[in-house]
Amino acid sequence: MIYFKGCAPKDYLFEGEKGGRYSATSDMAIINKASKKANFAACALS
């Protein structure tokens, strides 16, 4: 929630520095890093 309030993304949850969307690979890297930091077990989306 802090990210959302601080960055106030306009169109996408995760946006690049100049706006616009990140690639699917970048999205997954963000999610994987956050899940490791939160100590969540890895899971695959199907």
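What follows is calculated from the coordinates using simple rules that are stated; it is not laboratory data. This is a predicted model, so every value here is computed, not measured. As a convention, Cβ positions derive from the backbone with ideal geometry for all residues, glycine included, and neighbour counts pool all protein chains shown.
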Once you put a point 7 Å from the Cα of SER26 and another 7 Å from the Cα of ALA8, both along the Cβ direction, what distance in nm separates them? 2.1 nm
Output ³J(HN,Hα) for the stretch 21-35: one whole-Hz value per residue in order, computed from phi by the Karplus curve 6.51 cos²θ - 1.76 cosθ + 1.60 with θ = phi - 60°, and x for Gly and Pro. 8, 7, 6, 4, 5, 5, 4, 5, 5, 4, 5, 5, 5, 5, 5
Cut-off under 23 Å on the C-alpha distance; same-chain residues fewer than 8 positions from LYS18 excluded. Which lysines are left, in chain and number order? LYS5, LYS10, LYS33
